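All remarks here apply to the structure that follows.
The values are calculated or read from the model by the stated rules, or taken from the named source; none is laboratory data. The structure displayed is predicted, hence computed values, not measured ones. Using ideal geometry, Cβ is built from the backbone for each residue, glycine included, and neighbour counts are taken over all protein chains shown.
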């Protein structure tokens, strides 16, 4: 039997991808970007993360991954335009109640289905907003989607803050959690997080904090490794700088996206406590906490990573 080539012609033409590691600041920046004109409410599509992870593990091909992601993106975009699968949980980031125009979204529940909805959105340049983890790991995926106007906002954060946040989320014990947020695989009969792939032999014997440091090192180093592959339609922003100088960096983002703020932008910034003062002492408190909980060897590895991070991002 001849090889069959999978192909999906995608009708989604305008997309903004916000990406970074877990706890890098996507949840802070995404609502602000969603407040800009022509930007659709934020979507988090866990299946796309999983497909990317399967590609990284060489469980599926690039052709299969792009085919599936194109289908998922088109379907999610269409469903959003007709008001299908709306999220009414008030506390969720993707909730209708956290959007810039809740009433307009609810009106979509009465929208007639069909191609005319898509054509109207294309004409208006409605921009799909997607939040995904570790997007810099997968330059080949984004290149092969063949989306006309595809722009990436990468947000990054000092590894000290990321490790501290992962400790708060108990990611070092994720293999025992019913609500495991990290993709996992079985190794020698034991569940092991995807991010521990390179030190899977030692994972079970490590302390929770050492596990987290090892996983964060892999995440940040993979981002740094692929950073140079993203030049066109790409912007990288540091968490603290956006948090403390929001107006300056928001202007930069608006110029990059060629979009404008709306009357709700500053309302959403206020809700997200932006701009905010970054206390230097908070950094040292987190650093001392990690040092207390980690082994000397892994803490030194973290400091080495932090130095590398600062050399790359300044």
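Values as computed for the structure displayed
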{"item": "Residue among 121, 90 that is surrounded by 20 or more Cβ atoms within 10 Å (Cβ to Cβ), without any contact (Cβ under 8 Å) to a residue 60 or more places away in the chain and on the phi < 0 side of the Ramachandran plot", "result": "121"}
{"item": "All positions within region 230-255 that are under 23 Å from residue 149 (Cβ atoms), surrounded by fewer than 16 Cβ atoms within 10 Å (Cβ to Cβ) and modelled with pLDDT of 95 or more", "result": "233, 251, 252, 255"}
{"item": "Any chance residue 54 is modelled with pLDDT of 95 or more and either on the phi < 0 side of the Ramachandran plot or touching a helix residue (DSSP H, G or I) at 6+ places or on another chain (Cβ under 8 Å) (or both)", "result": "no"}
{"item": "Residues satisfying the stated conditions in region 283-307, i.e. out of contact with any helix residue (DSSP H, G or I) (no Cβ under 7 Å at 6 or more places or on another chain) and either touching a residue at least 24 places away in the same chain (Cβ under 8 Å) or closer than 14 Å to residue 217 by Cα (or both)", "result": "297, 300, 303, 304, 307"}
{"item": "Filter result for residue 153 (assigned to a strand (DSSP E or B) and within 30 Å of residue 218 (Cβ to Cβ))", "result": "yes"}
{"item": "Helices (runs of 4 or more DSSP H) within region 18-129 that include 3 or more residues over 30 Å from residue 222 (Cα atoms) and within 22 Å of the chain's Cα centre (by Cα)", "result": "62-81"}
